[in-house]
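Taking it in order: structure first as structure tokens, then the write-up.
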Amino acid sequence: MTITSKDNPIIKHTHALLGHHRTRKKSRQTVIEGVHLVEAYLKQTPAVHRIIVSESATAHDEVLPLLSQIDPKQITIISDTLYQQIRTLGDSVSVMAVIDIPHRSLPTISGDCLILDGLQDLGNIGTLLRTASAVGIQTVITSPNTAHLWSPKCLRAGMGAHFSMSIYEHIAVDEILQKLKTPLYATSSHTNKVIYDHDLTGPIAWVLGHEGQGVRDEFLNNAIPIALPQPGGQESLNVGIAGSVCFYEMLRQRHYLV
């Protein structure tokens, strides 16, 4: 049966998840859109709450393998017109999935982690998550006032990195510092010791802050400051780029020193 009405309860719920943080928070669910994200999710978590696919996409070569992994009772087929009305992703293969948002209590952290402190730009967050995942960082913590990492837009920016990481959202700064047993590092313009002079071979907690205001004092007062050399004289690097530089210098020291 193909659904054509926006008033269908499944469609109303999915549409609300796509557009409203309050609905996502209350239901502890979110939506991922497009073949790439659905495929990446199923590789890590072989279960979704529901797959929604347009009628024409049910025979698509990239969609058929995904549908074969799902209980038919969890697949909802809707008209092409209705799919276009509720989607937030532009022209792409018309498939999306409703997934549960993981709920985790912050454990003691003794390994590598990334702390996002007040970041708002989803492009920066996506860059940081993707790069952190690429170098093997598996734990991400966000402080209050950081953008919601499980929003559909942030999930798209992360390109699947979310699903390979343990994410702990909106944790109070005091709790983060209490649970953190790993040395905390933060970029700073108030030190002359550049990143290449630091030993980054042990576990590290990287804290990266708001695009304009930077890292809050509570973290800075407990962090080891590092400088990123900028011989070109720019005032500062974009936070996504700065974090990526830090992560890859850490990786270089651990695996690629001769």
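For the chain, find the longest principal axis of its Cα atoms and tell me its angle to the long axis of helix 239-255, 0 to 90°, nearest 10. Roughly 70 degrees, rounded to the nearest 10.
Which translational diffusion coefficient, to the nearest whole µm²/s, is obtained for segment 98-193 from the Stokes-Einstein equation, given a Kirkwood hydrodynamic radius over C-alpha pairs, 10 °C and 1.306 mPa s? Intermediate values should be presented prior to the final figure.
Values: Rh = 14.0 Å.
My calculation gives 114 µm²/s for D.
Judged by the mean number of other Cβ atoms found within 10 Å, the most tightly packed of the peptides 201-207, 2-8 leads the ranking 201-207, 2-8.
Note on GLN85/ASP197: beta-carbon distance plugged into 1/(1 + (r/R0)^6) with R0 of 41 Å gives a FRET efficiency of 0.15.
The angle separating the long axis of helix 122-135 from the principal Cα axis of greatest extent in the chain is about 70 degrees.
Between GLY240, GLY90, GLY118, the GNM of the chain built on Cα springs shorter than 10 angstrom shows GLY90 fluctuating the most. Gap in Å between the Cα centre of segment 176-219 and the Cα centre of segment 100-148? Cα centroid of segment 100-148 versus Cα centroid of segment 176-219: 14 Å apart.
Grab the beta carbon distance between ASN238 and LYS26, set R0 = 45 Å, and tell me the FRET efficiency rounded to 0.05. After rounding to 0.05, the efficiency reads 0.85.
Taking only protein heavy atoms into account and a 1.4 Å probe, give the accessible area per residue of the chain in Å². Before the final figure, lay out the partial values.
Details: 13000 Å² over 258 residues.
Accessible area per residue, the chain: 50 Å².
Angle of helix 9-19 to the longest C-alpha principal axis of the chain, folded into 0 to 90 degrees and rounded to 10: 30°.
Using a 1.4 angstrom probe on heavy atoms only, work out the carbon and sulfur share of the accessible area of the chain in %. Don't skip to the answer; put the middle values down first.
On the way: 6240 of 13000 Å².
Percent of accessible area from carbon and sulfur atoms in the chain: 48.
Between ILE75 and ILE51, the built amide H atoms are under 5 Å apart, and every one of these is 5 or more places off in sequence or on another chain. Couplings for segment 97-106, taken from phi via the Karplus curve 6.51 cos²θ - 1.76 cosθ + 1.60 with θ = phi - 60°, read 9, 8, 10, 7, 7, x, 10, 10, 8, 5 Hz in order; Gly and Pro are left as x. Here the simple spin-label model places points 7 Å from the Cα toward Cβ, and for SER56 and SER92 these points are separated by 1.8 nm. Residues considered: SER68, SER110, SER79. Largest GNM mean-square fluctuation over the chain, using C-alpha springs under 10 Å, is found at SER68.
Scanning residues 5 or more positions from ILE141 or on other chains, those with amide H under 5 Å from its amide H are LEU114, ILE115, LEU116, TYR168, with H placed 1.01 Å from N in the peptide plane. Only DSSP H runs of four or more residues enter the estimate; each adds -39500 (n - 2.57), and after division by the residues of the chain the mean residue ellipticity at 222 nm equals -9500 deg cm²/dmol. Looking at the square roots a ≥ b ≥ c of the eigenvalues of the Cα gyration tensor of segment 109-159, which shape do they give, rounded for a/c under 1.5, prolate if a/b is larger than b/c, or oblate? Note, shape of segment 109-159 comes out oblate.
The values are calculated or read from the model by the stated rules, or taken from the named source; none is laboratory data. Everything quoted here is computed from the prediction, not taken from an experiment. No Cβ is skipped: glycine too gets one built from the backbone with ideal geometry, and neighbour counts run over all protein chains shown. Surface accessibility is based on the protein's heavy atoms, side chains included, excluding ligands, DNA and RNA. Shrake-Rupley method; radii C 1.70, N 1.55, O 1.52, S 1.80 Å.
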